[in-house]
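Notes follow the structure.
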């Protein structure tokens with residue numbers, strides 16, 4: 001359902017608009033997406049049911065309210081009366097109790113009521129409706145006493161004992177529901193005053209998100225003929241296609257609490273084995289990170305590698321008397337950040353710290369607003385993304401004085417500087433002392449400080465002005481190779497691919513004989529293996545333990561191949577309406593390393609799926625005896641490298657000790 005809020009807005013503001021890929025109007029897209037979503041919902045229900053059956057075999061059981069034993073019901077009623085009922089804010093909906101605001105993604109119990117009267121008066125007594133918000137400040141999961149791991153969900157407890165909330169009414173119908181609202185904030189719609197503080201205006205805009213248009217509703221224990229459901233749909237202007245009927249929970253936030261409770265014996269069966277990001281063996285932990293980067297370019301691959309070398313680099317820079325400034329572009333941060341701590345230390349040590357923060361980072365707006373206040377109070381210079389263009393680039397520049405000249409250390413990544421999600425997302429981070437890239441990075445921050453989008457860069461590809469033309473030109477070079485009878489190759493790994501010019505150029509390359517391999521985790525608006533159009537295009541997606549997040553662009557298939565990494569997906573929003581950076585990888589060893597990552601992922605036959613000409617995703621064909629899980633291989637490689645390095649260091653230490661004993 002991602003981006004359906006914007007599509008809904010288009011049905012109202014530009015109903016005749018024609019999408020440049022599908023040829024459909026916004027209303028047609030809206031209808032077709034919901035048709036597909038209902039099919040996916042059925043698949044999700046089936047998958048969840050199978051999962052719960054497997055969990056039950058391991059003694060992890062969720063109890064539906066209809067299946068409670070007497071002892072369980074007694075426990076649940078006691079919990080309800082003493083923990084839940086005192087904090088509920090239920091209401092009856094009538095002329096004196098108007099329909100309240102219902103927040104997006106908040107769980108509620110809806111009830112159809114009738115006042116308790118004498119039997120002969122019941123026919124005259126019309127039904128009315130009630131609304132019970134499920135408290136989000138109470139644990140969603142309630143564990144039952146006993147030797148096995150049995151649990152019930154808070155919303156089921158509220159549903160089951162709703163009659164105690166409305167003692168003067170008879171309950172005719174009841175269900176659990178969750179409303180999803182449009183979350184796409186279009187800042188232009190709010191007519192911001194350029195003379196006023198942008199951060200304070202963003203705070204005002206955020207308050208309006210909770211009241212954006214409803215997009216869909218998910219319900220449990222309801223039927224399509226339910227008067228209560230019809231009443232709620234009418235209140236929110238929802239059509240039948242916008243309602244999803246579910247048996248699975250509507251909110252899976254309880255899973256982390258459940259995982260923490262799983263006994264040790266079952267953990268080895270049910271959970272991934274724990275993995276700790278490894279400190280890269282080619283880094284010397286106790287030596288200067290600046291000096292090591294000056295020796296040669298470095299590459300970190302999260303979460304297989306630890307983020308520690310980068311954080312230690314920033315810490316070292318904050319204390320190095322030769323460092324003049326640290327400049328960084330931030331899109332998302334964790335709630336706690338050592339990076340911010342080191343930036344504030346740098347200010348205290350007299351260095352200039354410039355932080356470009358994008359306040360419009362989806363669902364992280366409030367967090368980023370808070371961080372800008374902390375950074376400003378600590379003495380950092382904070383600037384914001386440009387008007388109408390989100391700053392999505394991931395770049396950091398350290399400027400250092402070395403005698404009579406200036407040196408640069410540049411970091412460019414594919415992911416955010418979020419010290420929490422770095423353990424969950426796969427991302428690449430390039431660290432280099434290349435002077436040309438350093439000059440480009442310095443020029444980038446200067447342009448951002450002055451609001452310039454038209455800057456020219458020697459090596460970096462920067463959107464929205466230079467990136468798309470450069471990518472199209474790079475594909476053209478491969479296209480020309482194929483026309484000369486040489487081997488042409490284009491490889492793209494990204495989250496999404498939907499930009500029309502890029503799609504057309506890839507199709508043109510395919511028709512010319514260029515081999516095109518795409519690894520697209522999410523949205524992909526290109527169909528492969530279509531005769532006369534995309535027969536040389538293969539499309540795969542990997543969904544595994546970690547969220548695949550690197551953006552990698554490869555051109556050519558020999559030692560002269562060009563490789564770029566950075567923040568940009570192949571979408572219109574990234575290439576035309578965001579500030580993005582793709583950086584060339586120049587170091588020969590690092591290019592080989594990235595190519596190894598690419599080949600390993602393409603060989604995945606465990607978590608990978610391949611796209612058919614009709615758009616369906618199916619498992620990659622493979623030999624069952626040769627299971628190839630790319631993410632598992634990368635974990636094993638990281639551990640093996642560290643073990644080998646530790647062993648080598650121990651051998652050297654042992655040899656040194658033997659030599660010293662002989663003296």
Seminar exercise, completed: Note on the range 458-490: residues under 28 Å from residue 397 (Cβ atoms), touching a residue at least 24 places away in the same chain (Cβ under 8 Å) and not in a helix (DSSP H, G or I) are 459, 460, 461, 462, 463, 464
Problem set entry | Answer from 276, 264 - the residue that is modelled with pLDDT under 95, exposed (fewer than 13 other Cβ atoms within 10 Å of the Cβ) and not assigned by TED's automatic domain parsing to the domain that holds residue 427 | 264
For this session: Just one of (1) surrounded by 11 or more Cβ atoms within 10 Å (Cβ to Cβ); (2) modelled with pLDDT of 90 or more trips up residue 65, so point out which.
Result: (2)
Exercise. For the range 454-467, does any single residue satisfy the condition of being surrounded by fewer than 17 Cβ atoms within 10 Å (Cβ to Cβ) and in contact with a strand residue (DSSP E or B) (Cβ under 8 Å, 6 or more places away or on another chain)?
Worked result: yes
Exercise. Among (1) free of Cβ contacts under 8 Å to residues at least 60 places away in the same chain; (2) surrounded by 19 or more Cβ atoms within 10 Å (Cβ to Cβ), which single condition is residue 640 missing?
Worked result: (2)
For this session: Would you mention how many residues in the range 588-613 are touching a residue at least 60 places away in the same chain (Cβ under 8 Å), out of contact with any helix residue (DSSP H, G or I) (no Cβ under 9 Å at 6 or more places or on another chain), buried (at least 17 other Cβ atoms within 10 Å of the Cβ) and under 29 Å from residue 432 (Cβ atoms)?
Result: 3
Exercise. Which one is nearest to the chain's Cα centre (by Cα), of the residues in the range 48-72 that are assigned to a helix (DSSP H, G or I) and touching a residue at least 24 places away in the same chain (Cβ under 8 Å)?
Worked result: 48
For this session: Kindly indicate whether residue 569 is within 30 Å of residue 438 (Cβ to Cβ) and at pLDDT 95 or above.
Result: yes
Exercise. Got a number for residues in the range 96-113 being farther than 19 Å from residue 168 by Cα, buried (at least 16 other Cβ atoms within 10 Å of the Cβ) and touching a helix residue (DSSP H, G or I) at 6+ places or on another chain (Cβ under 7 Å)?
Worked result: 1
Exercise. With 374, 314 as the choices, which residue is in the same structural domain as residue 434 (by TED's automatic domain parsing) and either modelled with pLDDT under 95 or under 16 Å from residue 398 (Cβ atoms) (or both)?
Worked result: 314
For this session: Count, please, the residues in the range 22-47 that happen to be in a loop (DSSP other than H, G, I, E, B) and surrounded by 14 or more Cβ atoms within 10 Å (Cβ to Cβ).
Result: 2
Seminar exercise, completed: Picking from 85, 93, the residue that is surrounded by 11 or more Cβ atoms within 10 Å (Cβ to Cβ), touching a helix residue (DSSP H, G or I) at 6+ places or on another chain (Cβ under 9 Å), part of a strand (DSSP E or B) and touching a residue at least 12 places away in the same chain (Cβ under 8 Å) would be 93
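The values are calculated or read from the model by the stated rules, or taken from the named source; none is laboratory data. Bear in mind that the values here come from a model prediction, so they are computed numbers and not experimental data. No Cβ is skipped: glycine too gets one built from the backbone with ideal geometry, and neighbour counts run over all protein chains shown.
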